[in-house]
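The values are calculated or read from the model by the stated rules, or taken from the named source; none is laboratory data. Predicted model only: the values in this text are computed from it and were never measured. Neighbour counts are summed over all protein chains in view; Cβ atoms, including those assigned to glycine, are modelled from backbone coordinates with ideal geometry.
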Amino acid sequence: MIDRTRTPHTLIVMLAIALTAILTSTAAAHFVITPGNAALPGEPVTAATALALGLSEVEPTLEQLAELRATLAPFEDVGAAVAAGYERFGDCMSGPQGAQGIHFTHGERIEDTSLDVLRPEVLMFEPRPDGSLRLIGAEYLVFQEAWHDAGNGAPPSLLGREFTLNTTLLDEPFYALHVWVWHYNPLGLFANWNPLVQCDDATALGG
């Protein structure tokens with residue numbers, strides 16, 4: 001039965017209260033910080049800040065991603081990556097969820113336990129039909145034991161994301177974070193695999 005004693009204004013107020021309650025409860029469970037709602041005006045929100053605020057994850061700012069893309073732009077030419085100290089590591093990697101392409105690792109940066117968004121330890125390239133390699137993303141990597149021996153208690157994090165621990169790929173466990181800053185990934189910017197990347201044309205490049 002409709003309560004005709006409630007005016008349109010009253011109904012609008014009640015609706016606003018209900019929406020506020022829903023948004024408040026949702027934010028407590030999951031809140032993504034974007035450039036438009038950073039906790040501190042003019043400052044990017046770090047993973048540590050998000051944890052202190054009880055937020056589940058932090059999105060990198062557009063400025064951070066633009067700066068990373070600008071830094072990696074010269075490495076669209078794999079020759080420039082090699083000249084900068086990157087070396088090919090293994091064959092093109094693929095799995096049930098997609099592929100990661102061919103990895104080029106920077107030995108000095110991997111051995112160094114410091115992490116810098118603009119100095120990734122690994123670059124990822126996708127083999128193309130013409131035999132060329134196309135830059136698709138970056139990977140940050142640090143060995144678990146070395147990271148904690150350096151005095152770090154928690155796992156590393158960059159761009160608001162905590163690294164994942166891999167215990168099977170290499171001889172010793174390592175933390176890693178993929179960033180698909182040069183190729184769209186429907187699974188997410190930080191997903192381990194990209195279903196839009198393929199290794200079909202890797203044969204001409206030796207695997």
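Data table
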read-out	value
Residue check for Leu159: surrounded by fewer than 20 Cβ atoms within 10 Å (Cβ to Cβ), assigned by TED's automatic domain parsing to the domain that holds Met93 and hydrophobic (A, V, I, L, M, F, W, C)	no
Positions within region 92-118 being under 17 Å from Phe174 (Cβ atoms), outside any strand (DSSP E or B) and either β-branched (Val, Ile, Thr) or touching a His at 6+ places or on another chain (Cβ under 8 Å) (or both), in sequence order	Ile110, Thr113
Check on Gly131, over 18 Å from the mean Cα position of the chain (by Cα), of a type in the set (Gly, Ala, Ser) and at pLDDT 95 or above	no
Restricting region 89-132 to residues that are in contact with a Lys or Arg (Cβ under 7 Å, 6 or more places away or on another chain) and surrounded by fewer than 18 Cβ atoms within 10 Å (Cβ to Cβ), the residue that is farthest from Val181 (Cα to Cα)	Arg128
Odd one out for Gly153 among (1) without any contact (Cβ under 8 Å) to a residue 60 or more places away in the chain; (2) farther than 21 Å from Leu68 by Cα; (3) surrounded by 20 or more Cβ atoms within 10 Å (Cβ to Cβ)	(3)
Given (1) aliphatic (A, V, I, L, M); (2) assigned to a strand (DSSP E or B); (3) modelled with pLDDT under 95, index of the condition Val142 fails	(3)
Among (1) loosely packed, with under 15 Cβ neighbours inside 10 Å; (2) outside any loop (DSSP other than H, G, I, E, B) - the single one His178 does not satisfy	(1)
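Per-residue answers, yes or no, for (1) in the same structural domain as Val197 (by TED's automatic domain parsing); (2) modelled with pLDDT of 95 or more; (3) within 19 Å of Arg109 (Cβ to Cβ):
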residue	(1), (2), (3)
Gly54	no, no, no
Thr71	yes, yes, yes
Pro74	yes, yes, yes
Val78	yes, yes, yes
Val82	yes, yes, yes
Gly85	yes, yes, yes
Arg88	yes, yes, yes
Met93	yes, yes, no
Pro96	yes, no, no
